[in-house]
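A.B. asks: Dropping a structure here in structure tokens format, bear with me for questions.
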Amino acid sequence: KNQVEQSPQSLIILEGKNCTLQCNYTVSPFSNLRWYKQDTGRGPVSLTIMTFSENTKSNGRYTATLDADTKQSSLHITASQLSDSASYICVVSEEGGGNKLTFGTGTQLKVEL
Amino acid sequence: GAGVSQSPSNKVTEKGKDVELRCDPISGHTALYWYRQRLGQGLEFLIYFQGNSAPDKSGLPSDRFSAERTGESVSTLTIQRTQQEDSAVYLCASSSQTRETEAFFGQGTRLTVV
């Protein structure tokens, strides 16, 4: 069964600090991986997409990495801000078969003063 | 519509009553997902539709939960004889069949069982 596991489940950091969120998956055949950000009370929105051939991609203070061999991805947040407080969800797409998506349960990040 | 629409946005119901939650996906999106999210918790998968069929309904927690989709469009999640532990936000997402497909989420229905 395809699975996506994220760690840590929750994280508290001080404003200005960096952090890294992890995503491990067993989805096969792999098509792509997206990181979503879910602000409190809102639906998740896509931050970045990683395809098989991409190792790293940046979107502002967010940098995602992908190791397709070990089936791991990370999301690194630099110089965190209070507005980064949210849930971060890793979603992996299966190649073919309607491109079914498998969602991780998310990492709850809280940035404090 | 421009995005995924869910209704109602909030629902308060008495324990034991039945509720219906509705999801209008983005037009043309063949895949539709229902998730449950308890306060402060992660997404809990409920059911996945491809067209009007549900090839994966493994996340439905009990036989009180059912869902259907018609016209490859609207989906309804029904919870019968609601219990307090059903209180949560129910999120719907839809996606297309393109290779770099993105899931688009509705704002969710907040269900409170009293």
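The values are calculated or read from the model by the stated rules, or taken from the named source; none is laboratory data. Model, not experiment: these values are computed from the prediction. Because the Cβ atoms are built from the backbone with ideal geometry, glycine has one as well, and the counts that use them run over all protein chains shown. For the accessible areas, the whole protein counts, side chains as well, though only heavy atoms, and no ligand, DNA or RNA atoms are used. Shrake-Rupley method; radii C 1.70, N 1.55, O 1.52, S 1.80 Å.
A.B. asks: Taking every pair of distinct Cα atoms and averaging 1/r, then inverting, what Kirkwood hydrodynamic radius in Å comes out for the protein assembly as shown?
C.D. replies: 18.0 Å
A.B. asks: Please report the accessible area of A:ARG42 (heavy atoms, 1.4 Å probe, ligands and nucleic acids excluded) in Å², nearest 10.
C.D. replies: 130 Å²
A.B. asks: Here's a follow-up. If the reach is capped at under 19 angstrom between alpha carbons, list the lysines near A:LYS1, excluding any in the same chain fewer than eight residues apart.
C.D. replies: Within the straight-line cut-off, A:LYS1 pairs with A:LYS71, A:LYS100, B:LYS57.
A.B. asks: Separate question: Under 20 °C and 1.002 mPa s, how fast does the range A:1-65 diffuse according to Stokes-Einstein, given a Kirkwood radius computed over C-alpha pairs? Answer in µm²/s, whole number.
C.D. replies: 157 µm²/s
A.B. asks: Hey, any idea what % of the range A:35-91's accessible area is carbon plus sulfur with a 1.4 Å probe?
C.D. replies: With neighbouring chains kept in place, the figure for the range A:35-91 is 50 percent.
A.B. asks: Hey, another quick one. Between chains A and B, what is the buried accessible area summed over both chains (1.4 Å probe, protein heavy atoms, nearest 100 Å²)?
C.D. replies: 2000 Å²
A.B. asks: Let me ask something else. Accessible area per residue for chain B in Å², computed with a 1.4 Å probe and the full protein assembly in place, what is it?
C.D. replies: 47 Å²
A.B. asks: Here's another thing I want to ask about it. Give the Cα extents of chain A along the principal axes, in whole Å, largest first.
C.D. replies: Extents along the principal axes, in whole Å: 45, 28, 20.
A.B. asks: Work out how much length A:ALA68 to A:THR20 would gain on full extension: take 0.36 nm times their residue separation and subtract the Cα-Cα distance, in nm to one decimal.
C.D. replies: Net length gain for the segment: 15.5 nm.
A.B. asks: Relative contact order (percent) for the range A:1-83, with alpha-carbon contacts under 8 angstrom and 6 or more residues of separation?
C.D. replies: Computed over the range A:1-83, the figure is 32 percent.
A.B. asks: If all Cα-Cα distances of the range A:27-68 are sorted into 5 Å bins from 0 onward, what percent lands in each bin, rounded to whole numbers?
C.D. replies: Values per bin, smallest distances first: 6, 21, 26, 21, 16, 8, 2.
A.B. asks: Rounded to the nearest whole Å³, what is the per residue volume of the convex hull around the Cα atoms of chain B?
C.D. replies: Convex hull volume per residue, Cα atoms: 97 Å³.
A.B. asks: Around A:SER85, under 9 Å between beta carbons, what's the net of Lys plus Arg minus Asp minus Glu among the other residues?
C.D. replies: Net of charged neighbours comes to -2.
A.B. asks: So what is the relative contact order of the range B:10-114, in percent, for Cα pairs below 8 Å that sit 6 or more residues apart?
C.D. replies: Worked out over the range B:10-114, it gives 36 percent.
A.B. asks: Pick from A:SER58, A:SER73, A:SER83: which residue has the top mean-square fluctuation in a GNM of chain A where Cα pairs under 10 Å get a spring?
C.D. replies: Maximum among the listed residues: A:SER83.
A.B. asks: Ignoring everything but the protein chains, give the 1.4 Å probe accessible area of A:GLU95 in square angstrom, nearest 10.
C.D. replies: It works out to around 70 Å².
A.B. asks: Have a look at B:ALA93, B:ASN10, B:GLY59 and report the one farthest towards the positive end of the charge dipole of the range B:9-93, computed about the Cα centre with Cβ charges (Lys/Arg +1, Asp/Glu -1).
C.D. replies: Final value for the positive-end residue is B:ASN10.
A.B. asks: Moving on to the next point. In debye, nearest 20, what is the charge dipole magnitude of chain B about its Cα centre with +1 on Lys and Arg Cβ and -1 on Asp and Glu Cβ, if you could check?
C.D. replies: Rounded to the nearest 20 debye, it is 260 debye.
A.B. asks: On average, how much accessible surface per residue is there in the range A:1-61, in Å², for a 1.4 Å probe, leaving out ligands, DNA and RNA?
C.D. replies: Averaged over the residues of the range A:1-61, the accessible area is 55 Å².
A.B. asks: Over chain A, with a Gaussian network built from C-alpha contacts below 10 Å, which listed residue (A:THR20, A:THR40, A:THR65) shows the highest mean-square fluctuation?
C.D. replies: Of the options given, A:THR40 has the highest mean-square fluctuation.
A.B. asks: Would you list which aspartates and glutamates come within 19 Å of A:LYS17, measuring only between C-alpha atoms, while excluding same-chain residues fewer than 8 positions from it?
C.D. replies: Once the sequence-local aspartates and glutamates are set aside, what remains near A:LYS17 is A:ASP84, A:GLU112.
A.B. asks: Once you compute Rg and the Kirkwood Rh from C-alpha atoms, what is the Rg to Rh ratio for the range B:1-67?
C.D. replies: With Rg and the Kirkwood Rh in hand, the quotient comes to 0.96.
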